[in-house]
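Participant: Take this structure first; my questions come after.
Coordinate-derived values only; no laboratory data. Here the structure is a predicted model, which means the values were calculated and not measured. Here the Cβ is made from the backbone with ideal geometry for all residues, glycine too, and neighbour counts use every protein chain on show.
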Amino acid sequence: MPVFSGLCRFSPPLDPRGGRVRRDGSTTDWWLILACDPELGRYLRHLHHLDALRMRQLSDPLWGPHVSVVLGEVPADPSIWKDREDEPMAFDIVWTPREIGDYVFFPVRCDAALDYRERLGLPREPRHPLHLTIGNFKKASGPA
């Protein structure tokens, strides 16, 4: 089984100017994603397109394919926040694609990410289990 990796990106920007304010008024200040190779996302979107009998086309997510690790949770110990910026984390993909609303993702296993959440003083398991977002069905992509 292949192992994949993504680079740690803390407080990822939502636009080229570095803005982090979301449409709902919150920010990505306390977000951590693992940014993955764009080719991985392109490949998985293509497979999804074939599996869907070419009926639905996925758009690339705003941040490209990524694993969501921390989503707006303020760490109990912010002293280490961003200490892994641009460092890789390896993960395994659970090869069962899932769809919720407009989003398509694969569950992932990543002990390093869960260990890091604990170091931050967050619950080991996030409220939304670790997942690799590969695309959405929206015309204009971006986090809600």
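Participant: Cβ-Cβ below 8 Å, separation at least six or inter-chain, first residue in region 5-26 and farther than 20 Å from LYS82 by Cα, second of a type in the set (A, V, I, L, M) and surrounded by 13 or more Cβ atoms within 10 Å (Cβ to Cβ): which pairs?
Facilitator: The qualifying pairs are ARG22/LEU14.
Participant: Condition first: of a type in the set (Gly, Ala, Ser), closer than 28 Å to GLU39 by Cβ, more than 12 Å from the chain's Cα centre (by Cα) and not in a helix (DSSP H, G or I). Can you find one or more residues in region 102-116 that meet it? It would help to see each step written out before you state the result.
Facilitator: Pass one, region 102-116, residues of a type in the set (Gly, Ala, Ser): 112-113.
From the residues that got through so far, the ones that are closer than 28 Å to GLU39 by Cβ too are 112-113.
Right, trim to more than 12 Å from the chain's Cα centre (by Cα) and you get 112.
Keeping just the survivors that are not in a helix (DSSP H, G or I) gives none.
No, every residue in region 102-116 fails to be of a type in the set (Gly, Ala, Ser), closer than 28 Å to GLU39 by Cβ, more than 12 Å from the chain's Cα centre (by Cα) and not in a helix (DSSP H, G or I).
Participant: Is it the case, given these coordinates, that TRP81 is under 20 Å from GLY121 (Cα atoms), touching a Pro at 6+ places or on another chain (Cβ under 7 Å) and of a type outside the set (Gly, Ala, Ser)?
Facilitator: Numbers: under 20 Å from GLY121 (Cα atoms): yes; touching a Pro at 6+ places or on another chain (Cβ under 7 Å): yes; of a type outside the set (Gly, Ala, Ser): yes.
Against the criterion (under 20 Å from GLY121 (Cα atoms), touching a Pro at 6+ places or on another chain (Cβ under 7 Å) and of a type outside the set (Gly, Ala, Ser)), TRP81 qualifies.
Participant: What's the number of the condition VAL70 fails, among (1) crowded, with 17+ Cβ neighbours inside 10 Å; (2) over 15 Å from ILE33 (Cα atoms); (3) within 14 Å of the chain's Cα centre (by Cα)?
Facilitator: Unmet condition: (2).
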